[in-house]
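The structure under discussion appears below in the form of structure tokens.
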Amino acid sequence: MNDIAGTEVNTSSTDSVKRTGWSSPGIEAILRPRSVAILGMSSRSGSAGQVVLNNLVVGGYSGEIYLGGRSGGEIAGRKVSSTAAELPPGIDLAIIMVPAEGLKEAVQQCIDRGIRSAVSFASGFAELGEQGRQQQQEIAAMARQGRLALLGPNTIGYFNFVDSFHVMMVDLKAAPALAADSGPALAVVAQSGGIGAHICGSLQSRAVPITYMMTTGNEALLNVGDMISFLADDERTAVIAVYAEQIVSPQQFLEAARKARAQGKRVVLLHPGRSEKGQAAASSHTGALATNHGAMDLIAQQAGVAVVQTLEELIDLGQLLLHFPDPGPGGLGILTGSGALCVLTQDYIAALEMDIPALSDRSVSRLRSVLPEYLTPRNPLDVGTLIGWKPELVGTAAQEILSDPSIGNLLVSLPMADPAMSIAWMEAYLPAYRASRKPAIYVIHCEDRPLAAQLVKLVQENRVILMRSHERALRALARFSALGETWRTLSDSSEPEPFAALPQFGGVGPVPEWLGKRTLAAMGIKVPNGALATTPDEAARIANRVGFPVVLKAQAAELAHKSEAGGVILNIADEAQLREAWVTLHRNVMRAKPGLLLEGVLIETMCKGGVELLVGATRDPNWGPILMVGLGGIWVEALGDVRLLQPNLPPSDIVRQLGKLKASRLLAGFRGSNGVDVAAVADVVSRIGRLMLTQPSVKEVDINPLIAYPPGCGVIALDALIVTR
């Protein structure tokens with residue numbers, strides 16, 4: 001390798017900054033540099049800079065290496081430049097080893113020498129508070145202006161397993177480059193170095209091929225979205241596993257995720273900070289229930305991202321998607337040698353919202369022909385101890401279950417046996433596994449006991465998805481199945497048309513109920529018959545027109561909680577009661593809200609009772625609109641039984657989501673009740689979603705209650721809150 005006095009590096013143009021992220025040449029320079037400069041070198045033996053240098057040399061890096069440090073001199077036979085001006089222009093990558101207080105100067109030196117990219121390990125920025133955050137922003141602005149692709153600070157480094165190139169501050173053995181025939185591989189992108197290493201190590205222990213392991217740290221400039229966009233273009237990467245504690249640019253992230261999906265890549269995301277979706281809210285139900293994390297979850301799924309809840313799911317689903325990128329329809333088939341495990345599985349599945357369908361008559365008949373009378377051909381299928389002397393039954397049963405049209409994926413869950421028996425079972429299973437395109441996981445119990453080397457080799461050669469935990473495999477397949485349902489919905493969605501002739505809101509903030517209901521009516525959502533009155537005589541005329549009994553509701557944009565102010569009076573039977581109620585209502589509001597000027601009083605016909613539901617929507621400032629549906633009235637606060645939905649779900653999928661409410665039995669009919677018109681409820685939810693997608697001025701919608709009547713009788717919105725921005 002040449003030292004600093006060698007041939008000058010071939011200069012290339014610096015990469016440009018796009019509005020939503022960096023073009024790939026900047027990241028290419030980080031991952032596959034033709035030349036590297038290590039800045040902040042120390043002559044002290046074992047220093048971090050020398051560790052990084054040693055890793056490059058031991059790893060067989062064949063590009064130019066330059067060293068820079070204030071003391072100058074020589075390290076390991078290489079010249080150390082004392083000033084950045086001595087470095088040649090156009091170096092691909094600068095590995096900056098200076099502490100936080102020296103990073104700004106080092107970044108400027110990189111820019112001055114036309115260096116294309118840099119990585120900083122330094123801590124002491126945004127993770128320490130506002131002052132550190134401001135310093136980090138200044139450095140980011142400098143790098144952006146100077147067209148320097150900056151990774152970090154506060155990163156632990158990264159691995160390029162394709163070319164066997166890595167930048168880390170700990171001594172590492174040289175790793176062989178990823179084999180050309182390894183097949184589709186997985187990349188890891190993590191804001192946390194420790195988590196990134198855990199994900200990568202866990203997958204490698206399963207012989208899952210890895211292309212890159214990137215830790216992005218504080219993401220002063222380059223972020224998770226940039227990495228996804230780059231990896232979407234990488235021909236060796238098929239799945240991108242992401243751990244992100246904060247997504248700094250949601251729209252860029254979504255754009256990158258859609259790009260990856262369009263190019264056949266799968267993105268799996270773990271984003272900590274999940275909160276209970278069904279928590280009660282005192283004021284604006286939808287705004288409080290639909291937290292930022294809930295919005296992220298839904299909108300990311302809408303962009304084709306597989307959102308998971310645990311590290312185990314991130315690892316397991318990443319491996320599944322590598323082998324089976326397109327989850328298909330159908331329920332779960334289970335083959336095991338334990339009757340007790342069949343019982344336990346039913347309990348596990350109840351919480352996972354996954355179906356274990358009955359086998360078809362054909363499958364039952366074929367299984368009955370190979371099973372003894374004491375074993376019942378059903379799903380889950382318990383083959384008992386019979387496989388101890390008939391190991392071929394594992395393959396026969398797996399083949400029959402996988403061929404059943406109601407089965408979408410298979411879990412084979414068998415005990416730990418002696419090596420010979422375990423290998424016999426695996427060899428029996430492999431023909432069925434290879435012949436089917438349906439996802440399958442093979443579990444061997446006793447996860448703390450190592451497997452025989454010959455069995456491990458057999459698994460790796462045939463790319464079997466092997467796990468050691470029955471419960472973990474169930475969770476992975478449940479998430480996988482739900483993902484398939486979501487993705488099939490995405491393929492059917494289209495951009496909605498705006499509603500015609502909606503009322504003009506004017507102003508910003510809450511819209512009075514009368515105008516909100518006029519908006520709902522223009523959208524095709526039924527509201528009570530009525531109108532706004534400004535005098536008692538006008539109220540009487542409206543009441544006589546719509547028919548008694550009626551309800552009076554005080555109207556003002558500032559009066560979101562009318563009942564608490566005494567601004568709602570029900571069951572007015574005649575005109576005399578109406579005139580008396582008019583006076584009472586105004587007196588109540590004046591006492592509760594002195595000085596409030598009412599726009600009028602909404603006079604509406606009283607509607608008969610039904611099941612009270614809540615339909616709402618909120619627009620997250622970062623992620624966009626999401627919907628919510630569940631039990632309404634006081635029950636939303638008491639039970640929090642709601643489902644959060646994407647705004648573009650078709651009514652048929654909304655109906656399926658309604659079936660996942662805890663109160664779904666009430667909607668379907670319970671103890672003699674007729675149930676409700678679920679199709680009409682879904683239609684209202686769909687129309688609210690269309691409003692949110694086509695009217696960006698609408699910040700929030702809250703219909704509570706939406707009264708649902710028996711099938712065929714429709715629904716009616718008794719109250720409506722619309723908030724504009």
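Odds and ends about this structure:
- Just one residue in the set Ser697, Ser664 is closer than 21 Å to Ala522 by Cα, open to solvent by 10 Å² or more (accessible area, probe 1.4 Å) and hydroxyl-bearing (Ser, Thr, Tyr); that residue is Ser697.
- Residue count, the range 337-365 (criterion: over 21 Å from Gly388 (Cα atoms) and either open to solvent by 70 Å² or more (accessible area, probe 1.4 Å) or out of contact with any Leu (no Cβ under 9 Å at 6 or more places or on another chain) (or both)): 15
- Of all positions in the range 238-249, at least one carries a residue that is assigned to a loop (DSSP other than H, G, I, E, B) and polar (S, T, N, Q).
- Failed item in (1) closer than 25 Å to Val678 by Cβ; (2) in a strand (DSSP E or B); (3) among the acidic types (Asp, Glu), with Glu604 passing the rest: (1)
- Hey, Leu289 modelled with pLDDT of 95 or more and crowded, with 21+ Cβ neighbours inside 10 Å or not: no
- Selected residue (criterion: surrounded by the most Cβ atoms within 10 Å (Cβ to Cβ)) from residues of the range 107-133 that are more than 19 Å from Tyr158 (Cβ to Cβ), of a type in the set (A, V, I, L, M, F, W, C) and in contact with a Gly (Cβ under 8 Å, 6 or more places away or on another chain): Ala126
- Scanning the range 95-129 for residues that are without any contact (Cβ under 8 Å) to a residue 24 or more places away in the chain and within 17 Å of Gly217 (Cα to Cα) yields a count of 2.
- Set Pro357, Pro377: member being touching a helix residue (DSSP H, G or I) at 6+ places or on another chain (Cβ under 7 Å), assigned to a loop (DSSP other than H, G, I, E, B), within 30 Å of Gly659 (Cα to Cα) and not aliphatic (A, V, I, L, M): Pro377
- The single condition from (1) open to solvent by less than 20 Å² (accessible area, probe 1.4 Å); (2) at pLDDT below 95; (3) under 13 Å from Phe161 (Cβ atoms); (4) not hydroxyl-bearing (Ser, Thr, Tyr) that Gly193 fails is (3).
- Odd one out for Tyr61 among (1) in contact (Cβ under 8 Å) with a residue 40 or more places away in the chain; (2) open to solvent by 10 Å² or more (accessible area, probe 1.4 Å); (3) under 16 Å from Ala143 (Cα atoms): (3)
- Considering residues of the range 360-374 that are of a type in the set (Lys, Arg) and touching a helix residue (DSSP H, G or I) at 6+ places or on another chain (Cβ under 9 Å) only, the residue nearest to Lys662 (Cα to Cα): Arg362
- Remark: pairs (first residue in the range 592-613, under 25 Å from Ala543 (Cα atoms); second residue assigned to a strand (DSSP E or B) and of a type in the set (D, E, K, R); Cβ separation under 6 Å; 6+ apart in sequence or on different chains) = Leu602/Lys553.
- Every residue from the range 93-106 that is among the small types (Gly, Ala, Ser) and either open to solvent by 60 Å² or more (accessible area, probe 1.4 Å) or within 17 Å of Arg144 (Cβ to Cβ) (or both): Ala94, Ala106
The values are calculated or read from the model by the stated rules, or taken from the named source; none is laboratory data. Not measured: the values here are computed from a predicted model. All Cβ positions, even for glycine, are placed from backbone atoms using ideal geometry, and neighbour counts span all protein chains on display. Just so you know, the surface numbers come from the protein's heavy atoms only, side chains and all, with ligands and any DNA or RNA stripped out. Shrake-Rupley method; radii C 1.70, N 1.55, O 1.52, S 1.80 Å.
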